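Engineer: Input: one structure, supplied below.
The values are calculated or read from the model by the stated rules, or taken from the named source; none is laboratory data. Bear in mind that the values here come from a model prediction, so they are computed numbers and not experimental data. Cβ coordinates were reconstructed from backbone atoms using ideal geometry, including for glycine residues, and neighbour counts include every protein chain displayed.
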Amino acid sequence: MSSYTSSSSAAPDPPIPVGPAADRNPVPPWATWRLVLVGLALPVACVLLLEGVCRIVSPIFLRNPDPELIEVNGPGYRRLRRGLPVTSNVAGTEVSFTINSHGFRDREVPAERECLVLGVGNSFVANWGLHPDEFWTAALEARLAEGAVWPRCAVRAAGFQGWSMPEVYAATLDTWDAFRPDVVVLLFNSATMWTDKPIDVAALEEARRQWYAEPHPTEVGPTPTEPSLMGRLIGLYNRLEMHMALLGTVKRLWPMLTITAGFSQLASPACYETARLEALERPTIESIRQLDALVRARGARLVVAHVPDLPEVDDDIYTLVLAHRGSSSRGLDRFAPGRALARGCREAGIPFVDLLEPLRSVQEPTFNLIDQHWNAQGNRVGADAVFDLLNKLPSPRPTMAAAGR
């Protein structure tokens, strides 16, 4: 018997395994978990990588100003070139501004005013990347104008990124004849203003003398700008996290996913360490006393406001600081600098206000969610707290004009 097989017929498909036969090659459990972990880890890694790249390639102008535009060897302090037009983009909106005639990022000091409140300090005083209407100085000036105690009182800022206490002293001394303030508000920030030695007044006076003995250029070059696309992306991120409950919830539950402090913020400031603070407290308080003596000798009054850093205000960021240290808080107290500053000012008889609780009590973000400085809301909170302190002080002496004082 012969068999016949058609050449056109194909071999039948193998049967589909069912029942126990289907379990002969099961998917191992670890493979499923690997997919889950990769699905979670990759988005987190991408977010962190993207934010890291943003910080590197985005030349936010007022965070990294061109050295040619800074008078680094100024009369004891750094400042921007006077009259310099600048453009910044920190929160997604480009802001053009002209540095005033004294090298500070604020409006000119008006010649006609009843009194003047002058803020001194580091980048928190310098109104980082905001529109002039959102400055803490503008908010405080508006609040003071509401009452009868401070009529026609102008508020201006004299500060720059990274200023130390010697630079604050030098700038106050150097600009006094031009500003002649009635009240000097020292916005003390832990990032740059704790010091291990008191101010060397003689050295600062010599630096000032040498500066004015030499000629300095007055012309400035073209205005540098940053790519607007990156600024818009940063601004979009800010607005989303500020207004979307989902992202706010994610930030609280998993702060690493929306890290917004900047990687440098994860290294805790030296003053958070108890041992270091003990070495810094006495010379820093002595420096504040020296500034107070300078202001009092000229018939004005000094008040001090403690400006906390982001890890002090935001518990999520402090969690990351601890993670950066191996999750150990031994020998670390983020609130100790504020307490030490309050104690020193109280013993010296200097009016003091701590901005920590006002900033922590606000539900809305008070810091830029990409940049680590106050946003417009933070500026308003700071201005309100300083206003409450000033309202407790005696009325400043009336003044008519800067030239006539």
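Engineer: Given the criteria at pLDDT below 95, within 16 Å of Ser287 (Cβ to Cβ), buried (at least 16 other Cβ atoms within 10 Å of the Cβ) and in contact with a strand residue (DSSP E or B) (Cβ under 8 Å, 6 or more places away or on another chain), does Asn122 qualify?
Structural biologist: yes
Engineer: Filtering the range 294-306 down to residues that are surrounded by fewer than 17 Cβ atoms within 10 Å (Cβ to Cβ) and part of a helix (DSSP H, G or I), which residue is nearest to the chain's Cα centre (by Cα)?
Structural biologist: Arg296
Rundown of residues vs (1) in contact with a helix residue (DSSP H, G or I) (Cβ under 7 Å, 6 or more places away or on another chain); (2) in contact (Cβ under 8 Å) with a residue 60 or more places away in the chain; (3) surrounded by fewer than 23 Cβ atoms within 10 Å (Cβ to Cβ), yes/no style:
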| site | (1), (2), (3) |
| --- | --- |
| Ala139 | yes, yes, yes |
| Gly147 | no, yes, yes |
| Gly162 | yes, yes, yes |
| Val184 | yes, yes, no |
| Trp211 | no, yes, yes |
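Engineer: On to the next question. Those residues that are in contact with an Asp or Glu (Cβ under 7 Å, 6 or more places away or on another chain), of a type in the set (A, V, I, L, M), under 20 Å from Leu186 (Cα atoms) and surrounded by fewer than 18 Cβ atoms within 10 Å (Cβ to Cβ), I need them from the range 268-293; list them, please.
Structural biologist: Listed by number, the list is empty, since nothing qualifies.
Engineer: Still on this structure, please answer the following. Tally time: how many residues in the range 156-184 are among the hydrophobic types (A, V, I, L, M, F, W, C) and under 21 Å from Ala111 (Cβ atoms)?
Structural biologist: Final tally of qualifying residues: 8.
Engineer: Another question, if that's okay. Is it true that some residue in the range 353-363 is more than 19 Å from Leu140 (Cα to Cα) and touching a residue at least 60 places away in the same chain (Cβ under 8 Å)?
Structural biologist: no
Engineer: Look at Glu141 and say whether it is part of a helix (DSSP H, G or I), closer than 28 Å to Thr366 by Cα, in contact with a Phe, Trp or Tyr (Cβ under 6 Å, 6 or more places away or on another chain) and at pLDDT 90 or above.
Structural biologist: no
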